[in-house]
Amino acid sequence: MEKTEKRIEELREQINYHNYRYYVLDSPEISDAEYDALMAELRRLEEEHPQLITPESPTQRVGAAPVEAFGVVEHLVPLLSLANVFSYDELLAWHRRASNLIPGRSMDFVCELKLDGLAVALTYSDGRLATGATRGDGYRGEDITQNLRTIRSIPLSLRKDAPKKFEVRGEVYLSKAGFEKLNEERAREGQPLFANPRNAAAGSVRQLDPRITVKRPLDIYIYALGWAEGNVPPTHWETLEYLKSLGFKMSPYNAYVTDIGEVENYHRHWLEERENIEFETDGIVIKINSLDLQRQLGVVGHDPRWAVAYKFPAIQATTRLLDIGISVGRTGSLNPFAILEPVSVGGVTIKQAALHNEEDIRRKDIRIGDTVIVQRAGEVIPQVVGPVVSKRSGEERIFVMPSRCPACGGEVVKPQGEAVARCINTSCPAQIYELLTHFVSRPAMDIDGIGEKLAAALLNSGLIKDVADLYPLRKHDLAALERMGEKSAANVINAIERSKDRPLFRVIFALGIRHVGAETAELLASHFGDMDGLVKASEEELLSVPTIGPKIADSIHLFFREEANLKVIEKLRKAGVRLQEEAAKAKELPLVGQEFVVTGRLEDFPRSETEARIKELGGAVVSSVTRKTTFLVVGADPGSKLEKARALGTRLLSEEEFLHLLEEANK
Ligand code: IVH
């Protein structure tokens, strides 16, 4: 029996240590399998000797059954809140006020990131986690001990020399990645989504059933010692170091600074790097380092004078969704967007925001008239995150996608398995505008001087009904348009003229065929050599072009079945736009139609050069072996591609054979 007890003790110590390495330091020393083996052994011994189970055992993180309601925890020392400043001037004013109250004393500071989660207080008694509570009103919080126990970075027991009784404070949060994962799961299960990581963390911690909390990827950073029996370090920075040595998880972003100017630098730095921080922050917290000065400065209302939050611009705000508008994209996609009551988010007024597609609107249950959360984060276009359901009046309307295109009245279809509804009328004016600006853009026909304004003017004046109408334009047509001088009109005409000799792939790309980007256009141009070949190609022939799959083939085929599109091509031809490859015909390149995959290391030249040489000779290089692959070039230490190629019966080439093939092709 004594031996068993000893082994159990040993196992718990080891497991606690490895938990600490994994969850607190983020640097495990053993594999998951080894860890699991230790846990399994401990579980088995505890099952055989249930009288030896203690609440601190690492097997007991989810111990308790669900509760009806949370109990109350009184905070021995109230949990304060923080005053906010929003600019360097306001920060300097805070600093000046504090300095004036303690004349002649110099001060240093600790800068921390302000985590956007949920404040909690943990008390320890005789080295064991005793209670875990929310902040509540600062004096009394909710007892959420059972839920906090499920967070692996919260130690259940501490080393022997820890203070007999003390309380630490920190922020429970969900990382951005954890939040995304949780919401994806909820979407799959048809559950309402959380608006942001903060709400998700708060909701998870306030679960009545710890078996649900344990499944949420919650974490914690400790940022203060609330109170302690016995001696404590004289500064905040040393307190943080001390808490770290006790095994608590501390934020790696904490910084010690001696000058208020450095605080400004810290703020600016992390505002710029905000996207790269793994959790959401709404600013930084500045704390005067000396605990003695903290005591002298004291509190005003609920806010300490010795600390302040220096906020980042907000990324979210709530406002009313007045209506849902529809814009028609270049390829006919009907894109719903939110028309909002103007609201300021981080200093920018927002009137419109993205709504993705119909399915997304339904999934998030966004209704016209709702109060919604809007967000401006890394992305350029603000997003509607979701509705605030509690603010509904019952007057809200469910959105329905129109069955006719708002731009041309044409039919709207929704291809099976696709989330996006489309207008299939190719002469839809909404599409022509987008198509025209695409057609003249740099990677397409590269016609300089036709910006958005001129494109709109050309369409509005009726001079242009499709992209081919550009070519018969004369200088006087343009000069007659508003704000168009003789000189710029001449420049545009010249640019149009020059575009007649663009390579075939650019013309193909410029047509705006769905799923045909510049790279695919290049493949098509070199495979077919001229536009006629492409226009007449059957789906089967299209599928024989390397890297072209059914989706692209289908889209190209549909495009050229449309009478209006064939007319445009005829007009382009008549206007003198070159619709075939230049003199050195691609068809004559020796490796046209052959697809290469390379695996392993080649001795003679690097991968990039290998690929360049294949492409120069008209071949295609792709990354994975499929039925369409002609050759797999096998270098040293080949990967799994070799097995795949063998299974498919793909022809294999050694490096030597490959070199030989290149030489032959070059002849
Ligand atoms: S110190 C008097 N440090 O911000 C000190 N708070 O309004 C008050 N918070 O509810 C707390 N990160 O949960 C402190 N590094 C940090 C913090 C932080 C986030 C939260 C805290 C509190 C709120 C203060």
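The values are calculated or read from the model by the stated rules, or taken from the named source; none is laboratory data. Quantities reported herein were computed from a predicted structural model and do not represent experimental measurements. With ideal geometry, Cβ positions are generated from the backbone for all residues, glycine too; neighbour counts draw on all protein chains shown. Ligands, DNA and RNA are excluded from the accessible area calculation, which covers all protein heavy atoms including side chains. Shrake-Rupley method; radii C 1.70, N 1.55, O 1.52, S 1.80 Å.
Pairing each residue of the stretch 208-237 that is under 21 Å from residue 71 (Cα atoms) and modelled with pLDDT of 95 or more with any residue that is open to solvent by 40 Å² or more (accessible area, probe 1.4 Å) and within 16 Å of the ligand (Cβ to nearest atom), provided the two are 6+ apart or on different chains, yields C-beta distances under 6 Å for 226/77.
Looking only at residues of the stretch 580-603 that are within 18 Å of residue 664 (Cα to Cα) and at pLDDT below 80, we find that the one that is least open to solvent (accessible area, probe 1.4 Å) is 586. Scanning the stretch 113-131 for residues that are away from the ligand (no atom under 14 Å from the Cβ), assigned to a strand (DSSP E or B) and small (Gly, Ala, Ser) turns up 125, 130.
Listed by first and then second residue, the pairs with beta-carbon distance under 8 Å, at least 6 apart or on different chains, first residue in the stretch 638-662 and within 16 Å of residue 595 (Cα to Cα), second aromatic (Phe, Trp, Tyr), are 650/631; 651/631; 652/631; 653/631; 658/631; 661/631.
Scanning the stretch 604-632 for residues that are open to solvent by 20 Å² or more (accessible area, probe 1.4 Å) and not in a loop (DSSP other than H, G, I, E, B) gives 607, 608, 609, 611, 612, 613, 615, 616, 621.
Listed conditions (1) more than 34 Å from the chain's Cα centre (by Cα); (2) open to solvent by 30 Å² or more (accessible area, probe 1.4 Å); (3) over 30 Å from residue 137 (Cβ atoms) are all met by residue 58, apart from (2).
Close Cβ contacts (under 7 Å, 6 or more residues apart or on different chains) running from residues in the stretch 244-262 that are within 15 Å of the ligand (Cβ to nearest atom) to residues that are assigned to a loop (DSSP other than H, G, I, E, B) and of a type in the set (Ser, Thr, Tyr) comprise 249/153.
Among the residues of the stretch 568-603, write down those that are in contact with a His (Cβ under 9 Å, 6 or more places away or on another chain) and in a helix (DSSP H, G or I). It would help to see each step written out before you state the result.
At the first step, the residues of the stretch 568-603 found to be in contact with a His (Cβ under 9 Å, 6 or more places away or on another chain) are 586-587, 592-593.
The answer is 586, 587.
Could you list all residues from the stretch 238-250 that are open to solvent by 20 Å² or more (accessible area, probe 1.4 Å) and either modelled with pLDDT under 95 or part of a helix (DSSP H, G or I) (or both)? Matches in the stretch 238-250: 238, 241, 242, 244, 245. The single condition among (1) open to solvent by 40 Å² or more (accessible area, probe 1.4 Å); (2) part of a loop (DSSP other than H, G, I, E, B); (3) free of Cβ contacts under 8 Å to residues at least 60 places away in the same chain that residue 514 does not meet is (3).
Looking only at the stretch 268-284, residues that are of a type in the set (A, V, I, L, M) and crowded, with 21+ Cβ neighbours inside 10 Å come to 1 in all.
Residues checked against (1) small (Gly, Ala, Ser); (2) modelled with pLDDT under 95:
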| site | (1), (2) |
| --- | --- |
| 86 | no, yes |
| 92 | no, no |
| 96 | no, no |
| 104 | yes, yes |
| 112 | no, no |
| 124 | no, no |
| 130 | yes, no |
| 133 | yes, no |
| 148 | no, no |
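A Cβ distance below 7 Å, combined with a sequence gap of six or more or placement on separate chains, defines the contacts here; from the stretch 99-123, residues that are closer than 23 Å to residue 137 by Cα and free of Cβ contacts under 8 Å to residues at least 12 places away in the same chain reach no residue that is more than 13 Å from the ligand (Cβ to nearest atom) and not in a strand (DSSP E or B).
In the stretch 540-552, which residues are open to solvent by 50 Å² or more (accessible area, probe 1.4 Å), in contact with a helix residue (DSSP H, G or I) (Cβ under 8 Å, 6 or more places away or on another chain) and on the phi < 0 side of the Ramachandran plot?
So in the stretch 540-552, the residues open to solvent by 50 Å² or more (accessible area, probe 1.4 Å) come out as 540-541, 543-544, 547, 550-551.
Next, from what is left, pick out any that are in contact with a helix residue (DSSP H, G or I) (Cβ under 8 Å, 6 or more places away or on another chain): 543, 547, 550.
543, 550, listed by residue number.
For the stretch 524-539, which residues satisfy the criterion of being crowded, with 20+ Cβ neighbours inside 10 Å and in contact (Cβ under 8 Å) with a residue 40 or more places away in the chain? The answer is 525, 526, 527, 531. Among the candidates 174, 193, 156, 182, the residue that is in contact (Cβ under 8 Å) with a residue 24 or more places away in the chain and within 16 Å of the ligand (Cβ to nearest atom) is uniquely 174.
For the stretch 369-412, what are the residues that are among the aliphatic types (A, V, I, L, M) and farther than 19 Å from residue 316 by Cα?
To start, the set of residues in the stretch 369-412 that are among the aliphatic types (A, V, I, L, M) comprises 372-374, 377, 380-381, 384-385, 388-389, 398, 400-401, 407, 412.
Matches in the stretch 369-412: 398, 400, 401, 407, 412.
For the stretch 92-106, the tally of residues that are more than 16 Å from the ligand (Cβ to nearest atom) and of a type in the set (A, V, I, L, M, F, W, C) stands at 4. Picking from residues in the stretch 643-658 that are of a type in the set (A, V, I, L, M, F, W, C) and surrounded by 17 or more Cβ atoms within 10 Å (Cβ to Cβ), the one that is nearest to the chain's Cα centre (by Cα) is 645. Could you list all residues from the stretch 278-329 that are among the small types (Gly, Ala, Ser) and either more than 12 Å from the ligand (Cβ to nearest atom) or on the phi > 0 side of the Ramachandran plot (or both)? Once the filter is applied, which keeps residues that are among the small types (Gly, Ala, Ser) and either more than 12 Å from the ligand (Cβ to nearest atom) or on the phi > 0 side of the Ramachandran plot (or both), the stretch 278-329 yields 283, 290, 298, 301, 314, 317, 325, 327, 329.
I'm trying to understand the selection: among the residues of the stretch 553-574, which are open to solvent by less than 30 Å² (accessible area, probe 1.4 Å) and either among the hydrophobic types (A, V, I, L, M, F, W, C) or over 25 Å from residue 618 (Cβ atoms) (or both)? Of everything in the stretch 553-574, those that are open to solvent by less than 30 Å² (accessible area, probe 1.4 Å) and either among the hydrophobic types (A, V, I, L, M, F, W, C) or over 25 Å from residue 618 (Cβ atoms) (or both) turn out to be 553, 556, 560, 565, 568, 569, 572.
Of the residues making up the stretch 85-106, one or more are among the basic types (Lys, Arg), surrounded by 12 or more Cβ atoms within 10 Å (Cβ to Cβ), more than 21 Å from residue 154 (Cβ to Cβ) and out of contact with any Phe, Trp or Tyr (no Cβ under 9 Å at 6 or more places or on another chain). Scanning the stretch 84-123 for residues that are touching a strand residue (DSSP E or B) at 6+ places or on another chain (Cβ under 6 Å) and of a type in the set (Ser, Thr, Tyr) gives a single hit, 123.
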